[in-house]
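Enquirer: Below you'll find the structure I mean.
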């Protein structure tokens, strides 16, 4: 078997094997999932090294014809994504090992392994239809993941919301792929990359549709609204795996592919991309400030990070894209770690509400340290990995000449840090509530993956050159861009930007805490209740800005119009003919009076009409 | 057995069954049931065994001469065998499912005899190579469908069946006039001699009206949602087989025989697109599970027309695959609705909820079939939907594309709403039981086949490709 199939076929088959194992068995399903994900990770590593130091592995099989080949290609960028996907599957398998609150274990691991298989397929696909196949296929497992996370109705409702938003975005992607494939005359990603499309007419429409698919996958505004709901209604392992890691990796990977490899973007589209990114950063970071639930707050920050990534791709220059790809990995690492800390806290305390938590540093020191490291990294604090990746994004944005977007991104970083200060303070510092006196550290299986991820934050910060040279630079070359390592990064001014960001957030937090009389969970209330913002937050609270909720609110009216149209056609084909026949029948009854001269007159009239018709038209043929 | 005999068997077996079933009923109920299923199986086996010879390029023709060129000609080619295999397979599934499902009702012998008549006339319809005989079988399907739709004897049900018959008769009349115009123009109705001929525009429009009436496409779509109140097996038969009879007629007449006048594609696609959209919207409002599924069938039939009428090979293949995938999925959905109705005694989705816990197999089959209709991978419906859209893209009519895009969007919504309310919503029915093994087999088989077709998409694609290459006309 071709090695490239291992990360796809093995978990796909093993997932069905897991379904055969009884739910009663202890750790058998977990062990199998762990073993399979470990083999996938090893396979992904071998595929990656082959792409980096040897020949990229490929597989082409005839599939559905018409250019829809089952084509996989592990170049340096796709194998990097595969490696990251496999790493997160492996770490999630460890984290979930003894995590009870993940729904039925059988279905959890079934979904985990299927997600690994489909995500790996999406990353490796060298054919747009194959990519679409794996990409959209993930939707099923995402929905089942959420629906089975908790037994309550809210989880099922959120699962439906996630399904519908992603399905609609998937439909856009399908239409975009159909248009692009038609315009390009090929469905091969490599083939189209060799002769890039220009954004004119239908091609532009195709790109925009694919863009919707890509950014919605990464969880960007305005397709993000299922994420905060899922944070409340699903399990921490799911949040740490799918929205935090998988979706970011795949969404941004595909966005980079289409924006750099498949199409030559013009200035307008670049501006659209960067505006979307900046808007996502700001809106989500502002919303994060208002949250009082651990996972929900993190979910908004996950959305905000998607904004940085889109902004980075929008720069279209090597520095920005290097930063985007690096930050894609970093944000996935940090967010996954943060959701794991949320899961650990929720598991040990039974609470996610910030007002019910506090002072857990002493009880859960490793979790707290992991939180601090990953939060600092995500806020771009030196010398952690986020500092370099966000720095590169700033560099890219400034090089592209869009200073307002740089300011937005820096403001986003300050807001992100402000949220983390509120969250960290409320959960790990201050006084511990009476009910949490006996709280213990998470078990080894929970702590280990968190520690690994936190370590990655530190190592890839101090040794940023390593991931940049071995993961990012080769990936950039596959996108057709040259990369000049960190030489082009203006570390000194960016360090001062970082300092300003930190100072702003710290001052804000101290002021907020003082205003809230020491209550850390209310440390951002002075922003929430500021003039104008107060009204906006109230509208947001009422889901006024949630396109899904607004659409669903107005859907019955729209569907009602269509239903009336259907009834109208029913009237036309059923009621109206019946009415017409009855009316004709009643009208003709009037002539059937039994009066002989009338019958004679009608017969003569008919005969005259016939003669006239025949004489005029020459008779019936 | 030579392929001509197999062809004759495919048509004759169910028609003989119409007479055998009442006789078998005199022996015992089991004998009657066995006879019905056996005849269905023989028909399907005959049709399936023709698939391979057709792919090899063989054709089978059987003819009986009649005066005035009205010869009775049966001809098997890639298209007719493809459709016949689907129709007979779905019929077998329905027959097996009905063994238990229909056992609780009266008039069972009539039910099985009418299914046999329906199947036989469908076989006659798809294998007829003479338009007059195609029309005769066309009308017989309407009569059999009328008796099946009127299976329940209440005034309301009979009125709904009558409505269906009247629409069918109107459509049939349009078709007949169209056929006579072709006869008047070309002097023959033998499709073998008409390939590539240009059809008179008025005749094409009349045939299209007949096809739309049969395939429940706007403005003649309302009969299907009314007829869906019949037993689930009948609903499935009407929504999958009868509706596809119209689709087949389109594929045969306008896809494989006549060259169509300019603008004909648009004349088909705009009503089909409106049908896809309006029916999907109605499905979102409707509360009767069977009516929702009927609207779904109407909506999806619009997508099939999008494939068949877009005028290029990619779309045509997509349309053919769509027929296959939708037949499996819609069949499963209707049969699931039958289980739900029988076990909960209601079709009102507002009174249903939380059935996933008590009816997990039905729920799983329903979910799988819904995903296939939505076109989510790895189900076969994904490929057909993609090909149809890609082919339609070549046509590049923004209005048509917008109508179908919105229709596809609403498909997600109404099926997700239906599944959510019935299977995931708050529990409202006291301990409903899961369906019997036979009924579950009837719903699981087509649902899983929809999944398997996604994995094995290579084979139907090769077949459809051959079909389009050898028979297709009006294709770029």
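Enquirer: It is to be established whether one or more residues within the stretch A:142-159 are surrounded by fewer than 23 Cβ atoms within 10 Å (Cβ to Cβ) and either within 24 Å of residue A:207 (Cα to Cα) or under 17 Å from the mean Cα position of the chain (by Cα) (or both).
Expert: yes
Enquirer: Go through the stretch A:63-118 residue by residue and tally those that are touching a helix residue (DSSP H, G or I) at 6+ places or on another chain (Cβ under 7 Å) and in a helix (DSSP H, G or I).
Expert: The total comes to 33.
Enquirer: Return yes or no: is residue B:122 without any contact (Cβ under 8 Å) to a residue 40 or more places away in the chain, in a helix (DSSP H, G or I) and more than 18 Å from residue B:194 (Cα to Cα)?
Expert: no
Enquirer: Follow-up. Restricting to the stretch B:389-410, name every residue that is more than 9 Å from chain A (Cβ to nearest Cβ) and in contact with a helix residue (DSSP H, G or I) (Cβ under 9 Å, 6 or more places away or on another chain).
Expert: Across the stretch B:389-410, the qualifying residues are B:395, B:397, B:399, B:400, B:402, B:403, B:404, B:406, B:407.
Enquirer: Restricting the search to the stretch A:142-151, which residues are in contact (Cβ under 8 Å) with a residue 60 or more places away in the chain and either within 11 Å of chain B (Cβ to nearest Cβ) or in contact with a strand residue (DSSP E or B) (Cβ under 6 Å, 6 or more places away or on another chain) (or both)?
Expert: Residues satisfying the conditions do not exist here.
Enquirer: Any residue in the stretch B:310-323 that is more than 13 Å from chain A (Cβ to nearest Cβ) sitting within a Cβ distance under 6 Å of a residue that is assigned to a helix (DSSP H, G or I) and surrounded by fewer than 24 Cβ atoms within 10 Å (Cβ to Cβ)? List the pairs, counting only those 6 or more apart or interchain.
Expert: Hits for this filter: B:311/B:265.
Enquirer: Mind checking which residues of the stretch B:412-424 are under 15 Å from residue A:555 (Cα atoms) and either surrounded by fewer than 23 Cβ atoms within 10 Å (Cβ to Cβ) or at the interface with another protein chain (Cβ under 9 Å from one of its Cβ atoms) (or both)?
Expert: Matches in the stretch B:412-424: B:412, B:413, B:414, B:416, B:417.
Enquirer: Residues in the stretch A:583-602: is at least one assigned to a helix (DSSP H, G or I) and within 14 Å of chain B (Cβ to nearest Cβ)?
Expert: No, the stretch A:583-602 contains no residue that is assigned to a helix (DSSP H, G or I) and within 14 Å of chain B (Cβ to nearest Cβ).
Enquirer: Of the conditions (1) at pLDDT 90 or above; (2) at negative phi, residue B:375 clears all except one; give me its number.
Expert: For residue B:375, the failing item is (2).
Enquirer: On the given criteria, is residue B:229 over 13 Å from the mean Cα position of the chain (by Cα) and more than 14 Å from chain A (Cβ to nearest Cβ)?
Expert: For residue B:229, the condition - over 13 Å from the mean Cα position of the chain (by Cα) and more than 14 Å from chain A (Cβ to nearest Cβ) - is met.
Enquirer: Looking at (1) surrounded by fewer than 24 Cβ atoms within 10 Å (Cβ to Cβ); (2) at pLDDT 95 or above, which is the one condition that is false for residue A:120?
Expert: (1)
Enquirer: Within the bounds of the stretch B:159-171, is there any residue that is more than 14 Å from chain A (Cβ to nearest Cβ) and assigned to a helix (DSSP H, G or I)?
Expert: no
Enquirer: Is it the case that some residue within the stretch B:286-293 is within 14 Å of chain A (Cβ to nearest Cβ) and crowded, with 24+ Cβ neighbours inside 10 Å?
Expert: Checked the stretch B:286-293: at least one residue is within 14 Å of chain A (Cβ to nearest Cβ) and crowded, with 24+ Cβ neighbours inside 10 Å.
Enquirer: Being more than 15 Å from residue A:323 (Cα to Cα), touching a residue at least 24 places away in the same chain (Cβ under 8 Å) and part of a loop (DSSP other than H, G, I, E, B) narrows it down to one residue among A:380, A:412, A:424, A:430; which is it?
Expert: Just a single option satisfies the conditions, and that option is A:430.
Enquirer: Tell me, which helices (runs of 4 or more DSSP H) lie completely within the stretch B:310-377 with 2 or more residues that are closer than 17 Å to residue B:293 by Cα?
Expert: Result: B:313-344, B:360-374.
Enquirer: While we're looking at this one, here's another question. Please list, ordered by residue number, the helices (runs of 4 or more DSSP H) wholly in the stretch A:434-539 having 3 or more residues that are in contact (Cβ under 8 Å) with a residue 60 or more places away in the chain.
Expert: By residue number, A:444-462, A:473-478, A:491-515.
The values are calculated or read from the model by the stated rules, or taken from the named source; none is laboratory data. No experiment lies behind these values; they were computed from the predicted model shown. Cβ atoms come from the backbone with ideal geometry, glycine included; neighbour counts cover every protein chain shown.
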